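Worksheet: the structure to be examined is printed underneath.
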Number of protein chains: 2
Amino acid sequence: VSDIEPILNGNRLALARLLTQIENETAAGMAALNTLFPYTGRAHLIGVTGAPGTGKSSLVNRLAYFYRHPPTGDAPPLKGGEAAPEQAAPRKVAVVAVDPTSPFSGGAVLGDRIRMRDLSGDPGVFIRSMASRGSLGGLARATAGLVAAFDAAGFDTIIIETVGAGQAEVDIAKLAHTTLVLEAPGLGDDVQAIKAGILEIADILVINKADRPGVENTERALKNMLNLAHPGPRIFQEARGRYREWAAETPAPGAPELALWMPLIRRTVATEGEGIPELAAAIAQHRSFLEETGDLQKRERIRLQSELDLRIQDALVTRWQGNTHYDAYRNTLEQLVRREISPAQAVARLVN
Amino acid sequence: VSDIEPILNGNRLALARLLTQIENETAAGMAALNTLFPYTGRAHLIGVTGAPGTGKSSLVNRLAYFYRHPPTGDAPPLKGGEAAPEQAAPRKVAVVAVDPTSPFSGGAVLGDRIRMRDLSGDPGVFIRSMASRGSLGGLARATAGLVAAFDAAGFDTIIIETVGAGQAEVDIAKLAHTTLVLEAPGLGDDVQAIKAGILEIADILVINKADRPGVENTERALKNMLNLAHPGPRIFQEARGRYREWAAETPAPGAPELALWMPLIRRTVATEGEGIPELAAAIAQHRSFLEETGDLQKRERIRLQSELDLRIQDALVTRWQGNTHYDAYRNTLEQLVRREISPAQAVARLVN
């Protein structure tokens, strides 16, 4: 059993060391995560995604700064939809910036430096960037591990930021309680620019760079898309099919039904700090919704099931590799390359 | 054994039926793919990707039209870098349009209609759209199946088009011989707009909508990024690490080294057809490079290994589900949700 006391007590150096161990998947890191796991589940996890050029880093910066310096008096409510005494206290904020498309850590490091101007020296903020670990599975596992460590270390708000539009974003939506999708005016004017698939993971749509021309068009297009197409939190129902057959007559397999939340739309100019208090209020409103409807627990369950499934898959491949001669695999691959057997036939041969 | 004669003879209706069976993963579809597999490996696979708003569909349309109506005399060479007698003959072109972010088929159907204006009624063109099948693995498998069917059916050029920026694009780069990444001027002016990770999968960078202001800046930024960061076809070397341990002392595991290709940059205005012949020439140039360096065979090997690995993973999960009581899984999940055990401990319990 690892000594987790320093982590639970908020020792920053111990936390930094642990994060590195988690990223590198060392035995000590994994053991610490096992021990820390019962102390997790308290933080509010906020996912932030959007196409390149929408200004994610600036927005995350400003949001972190806002949580660190909450305005007195008219601050937006943190929980339960009404102003609470503790709202004036600054929250501890962690940022995990994930770039699944880049195998370089250079960009991530640059990102850190830019952030530091506003937030450096504040012990209540911890920013960690991660570039690709080679596989999407490894990246998702490492992200979940970092989030768990921050959660156990007492960070109230954990912002998970990713680049791009694809499977990684869906995975993040599964990890976060509240997902922000950023748009920006002028990022392409055809229908393609606003994809139903990306809208679908959004709890809050943020039109950043809202001082640019075209903001009205962007907002109108988003509203139209929402009114036409919003199907509820559909991604969380995907699992249903996957388990139906396996579970057979067991009642109610797969993901639980979630309440219907119509995504909010907010405008910001993150570089100027405009719209940040209103965005924070929208995030608080979504948090209240999750608590009141019981969706917070349901999302937690979906999140943990998703992580469990990913890890089972990895464990099965590792075990299979241990039981299979690499030469058998390679010989089968050679036959496949010579097109003597099909991919399906190759698998049938390698997996009994 | 399925009757594959009509497919090999180019019967369009039989092909359409087979594509549906492959998408639905029916037993007949899978059996047909096994039988057809030895007839594959002849087509040139071109991947086209880029952020929403870059004009992918228009470009793919124009490219397909160009291949169907090759100019006489000064046509770009098809193979081997020099003009061949058969170049004047139109090639059969198939398009597989994949949208991993959308669970709706609506967008895909709309896409088909828009395309049809230019290409409808031409028996040498076949366009097939696919929305998400629920899982990325299922989508990748279905895409590979459709491509194999088109290949066996004698289509010379198969264009695989995807939306977004993420793992799906990397998967497509693995599937295609030549990958086009589209950019457009004004799609975000900060460094984030041009990600090293996306550049990395590009064999040809296409600046579409090149009649827009900012095209010079976009081209300069792309050139700078290429000069600074281009690391060669790095994604194909990822597999190396994954197999090193397993293969142990077996020499040279993992992916083969590929020759260094500096991505070409071409400007187009797809809606007007501008730059399309030059783009086709660049594609032909890359094809020649692949043939001359032997990279075509190496890429084929990587592609098939990647498909094999994905299928092994799926087969292992299916087999494990067959051997594991759903109730055991669900009970473990409950303990995980109550945070009595960690994700790693849950997996250790479920996978011996």
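The values are calculated or read from the model by the stated rules, or taken from the named source; none is laboratory data. Owing to the predicted nature of the structure, the values given are computational and were not obtained by experimental measurement. Note: ideal-geometry Cβ built from the backbone for every residue, glycine included; neighbour counts use all protein chains shown. In case anyone asks, the SASA skips ligands and DNA or RNA and just uses the protein heavy atoms, side chains included. Shrake-Rupley method; radii C 1.70, N 1.55, O 1.52, S 1.80 Å.
Remark: for residue pairs A:174/B:209; B:174/B:223; A:56/B:209; A:56/B:298, the C-alpha separation exceeds 27 Å in A:174/B:209; A:56/B:298.
Specify whether the C-alpha gyration tensor of the stretch B:297-340 places it in the rounded, prolate or oblate class, a ≥ b ≥ c being the square roots of the eigenvalues: rounded for a/c under 1.5, otherwise prolate if a/b is larger than b/c and oblate if not. The shape class here is oblate.
Remark: mean inter-chain Cβ contacts per residue of A:340-351 equal 6, using a 10 Å Cβ-Cβ cutoff to other protein chain atoms. Sorting A:144-153, A:59-68 by their mean Cβ neighbour count within 10 Å, with the most densely packed peptide first, gives A:144-153, A:59-68.
At a temperature of 10 °C and a viscosity of 1.306 mPa s, determine how fast the stretch B:1-76 diffuses translationally according to Stokes-Einstein, using the Kirkwood radius over alpha-carbon pairs as Rh; express D in µm²/s, rounded to the nearest whole number. Using the Kirkwood radius from Cα pairs, D works out to 104 µm²/s. Enclosing the Cα atoms of the stretch B:264-352 in their convex hull gives a volume equal to 217 cubic angstrom per residue. Solvent-accessible area lost on pairing A with B (1.4 Å probe, both sides summed) amounts to about 7600 Å².
Using the Cα gyration tensor of the stretch A:283-322, with a ≥ b ≥ c the square roots of its eigenvalues, what is the shape: rounded (a/c below 1.5), prolate (a/b larger than b/c) or oblate (neither)? In terms of gyration-tensor shape, prolate. Take each residue of peptide A:325-333, count the partner chain Cβ atoms within 10 Å of its Cβ, and average: the result is 4. Restricting the GluC sites (Glu not before Pro) of the stretch B:305-341 to loop positions (DSSP other than H, G, I, E, B) with no more than 15 neighbouring Cβ atoms within 10 Å leaves B:340. Per-residue mean of foreign Cβ neighbours for B:297-306 is 2 (Cβ atoms of other chains, 10 Å radius).
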